[in-house]
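Input: a single structure, listed below in structure tokens.
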Amino acid sequence: MKWFTFVLFLIPPFILSAQCKTGDVHIFNEEKLAAYIQEFKNCDTISGNLIIGPEVSGGQTRLVDIKGLEKIKVIKGNLEIRSNQWLEDIACLQNVELIEGDFIFKDNPKMKNAVTFKISKVLGKVEFFPSQFSNASVAFPFLTFIGKDLLFSYFQQRISAFPVLKTIGENLRYYSYAQYCEDLNQLQNVKSVTMGFRQSNVEIKMLQKLRKAESFSLDVESIRQITLSPAMKVDYLTLNSEFPYPLTTFSHNKKYKGLSVYNIQSTKHFKELFGHIDSVGYLLLESKTDPDTFLFHQIKYVEVAMLYGGAIKVLPQIKTIGKQLQIRGRILPGWIEKYVNRNDFIPEVSVNGLLSTQLNGKPRLFCDVFRIEHNSHLNDLKNFQFKNIRAGLIEIKDSKIDSINFDLTGIDLTKTQLAFVDNDQLSYCPADWACRLYKQHALFDKKIYDFIFSGNRSTCNDLYLKNECEK
């Protein structure tokens, strides 16, 4: 008896426990599945990756179900279920409790049955993408921790997929094509949040306990009702939606490193949405319509402001722009003169990406550099006046103007350099006026450019015009 006990003591522990395969398990056809079940049917731990998917990248399996894997509770590597064109059910894996790597589910279009996983922790990332052709719903009612990213999308989900999830180690990417979404209301820790909802009139109830994230991005077609955390502090906020009623989630934030708001049609609830903002590092506002007013409280300081279309109307509410102002999109007559009327010094001002053929107005600006650039539609500057622009350099670049027939009087050429660059239609530049420019240009001690005309048609480049001046 003592000899038997001694021998038993020498037997390695893995032989006494359920026998398991060392390394990865890759099941890509019924034969592989049957062979694994026959040899390791009682295995509860996969020491490497468990892969249910094609043998080679780009292929598909013909697996319909994978029954026989019910004993598995721990996966030391990744769980990957991908590219199974006939797979209908993965309920046999719902006993898995711990995944030490990633959990990836994608490209399985025939899933039929609902699955409720017992997983409590995934130490890597979760990528779960049910097919738009699948009626199956999934739930992780015990999952409290994801070590890296959560990427999740669904089309017909009707239940909360992550009802108790508290921590996502890195980033949340959540996309829904359903009309109602209530999920992730216990989440408390995550670095960044990106959410997209592709249906109209959606109802959203999410993130009730989330109080802080580095960045938050919300993209919604249209909202019927939305409930988020009562107060969330973020450094970077991106919104692409109209809010039908006040949302106060972000109203306590006084400082943003980045604030981007797209597709603005109304600013009716902006004061409740944004509250009192003291400063913004990078501000992007885009309006494709003509909102009557921009109902922002005054912003004390913006480092960089990029304003599209009707968003130019916010300019009087910005006290100081520290580095750069860009004006872009569809600018109506009268807007430049009314809203670009600044007393502060802005190092760089650019009018670019215009959607109109004309630029009108008489702005008042004090800057190092003023550029009208990269405007593929702009061919008319006749009603634009430069005389109230105090700048070290005024540059007109990459436009469709064909001649210098606009008003450049009032520019102090002893303090301001002019440059006309890469305007591929520009062919007429008055020679006598160009000669005066060259004389003034020669007097500058520190030139930003050594040229005045470059990259235009041959009759409007330095080589041609300087020869004309020498005649």
Odd one out for Phe366, checked against (1) assigned to a strand (DSSP E or B); (2) within 19 Å of Met306 (Cβ to Cβ): (2)
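Taking the criterion of being of a type in the set (Ser, Thr, Tyr), farther than 30 Å from Asp412 by Cα and without any contact (Cβ under 8 Å) to a residue 40 or more places away in the chain, would at least one residue in the stretch 269-286 satisfy it?
yes
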Residue count for the stretch 346-391, restricted to those that are on the phi > 0 side of the Ramachandran plot and of a type in the set (S, T, N, Q): 0
Criterion: of a type in the set (D, E, K, R), assigned by TED's automatic domain parsing to the domain that holds Gly48, farther than 17 Å from Ser153 by Cα and free of Cβ contacts under 8 Å to residues at least 60 places away in the same chain - qualifying residue of Lys121, Lys110, Lys106: Lys121
Residue in the stretch 71-89 that is modelled with pLDDT under 95, over 18 Å from Glu31 (Cβ atoms) and more than 32 Å from the chain's Cα centre (by Cα) present: yes
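In this structure, does Val96 turn out to be under 22 Å from Thr116 (Cβ atoms), within 37 Å of the chain's Cα centre (by Cα) and either in the same structural domain as Ala136 (by TED's automatic domain parsing) or among the aromatic types (Phe, Trp, Tyr) (or both)?
Values: under 22 Å from Thr116 (Cβ atoms): yes; within 37 Å of the chain's Cα centre (by Cα): yes; either in the same structural domain as Ala136 (by TED's automatic domain parsing) or among the aromatic types (Phe, Trp, Tyr) (or both): yes.
Here the answer is yes, as Val96 does meet what is asked.
If you take the residues in the stretch 152-183 that are buried (at least 18 other Cβ atoms within 10 Å of the Cβ) and among the hydrophobic types (A, V, I, L, M, F, W, C), which one is nearest to the chain's Cα centre (by Cα)? Steps first, please.
Narrowing the stretch 152-183 to residues buried (at least 18 other Cβ atoms within 10 Å of the Cβ): 152-154, 157, 160-162, 165, 168, 171-172, 174, 176, 181, 183.
Add one more test, that the residue is among the hydrophobic types (A, V, I, L, M, F, W, C), and what stays is 152, 161-162, 165, 168, 172, 181.
Numbers: Phe152: 16, Ala161: 24, Phe162: 23, Leu165: 24, Ile168: 19, Leu172: 12, Cys181: 21 Å.
The selected residue is Leu172.
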Check on Ile226, crowded, with 17+ Cβ neighbours inside 10 Å and more than 20 Å from the chain's Cα centre (by Cα): yes
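Can you name every residue in the stretch 382-415 that is of a type in the set (S, T, N, Q) and under 26 Å from Ser458 (Cβ atoms)? Outline the logic, then answer.
Kept after step one, since they are of a type in the set (S, T, N, Q), are these residues of the stretch 382-415: 383, 385, 388, 399, 403, 405, 409, 414.
The answer is Ser399, Ser403, Asn405.
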The stretch 327-351: number of residues that are surrounded by 18 or more Cβ atoms within 10 Å (Cβ to Cβ) and part of a strand (DSSP E or B): 8
Flag for Ser137 being farther than 22 Å from Lys209 by Cβ and of a type in the set (S, T, N, Q): yes
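Report, by residue number, each residue of the stretch 393-410 that is over 16 Å from Phe451 (Cβ atoms) and outside any loop (DSSP other than H, G, I, E, B). Give the steps one after another, and end with the answer.
If we filter the stretch 393-410 for residues that are over 16 Å from Phe451 (Cβ atoms), which is where we start, we get 399-403, 405-410.
Ser403 - this is the single residue of the stretch 393-410 that is over 16 Å from Phe451 (Cβ atoms) and outside any loop (DSSP other than H, G, I, E, B).
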Some residue of the stretch 299-322 being in a loop (DSSP other than H, G, I, E, B) and not aliphatic (A, V, I, L, M): no
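The values are calculated or read from the model by the stated rules, or taken from the named source; none is laboratory data. Remember, predicted model here, so these are calculated numbers, not experimental data. Ideal geometry is used to build each Cβ from the backbone, glycine not excepted, and the neighbour counts take in all protein chains shown.
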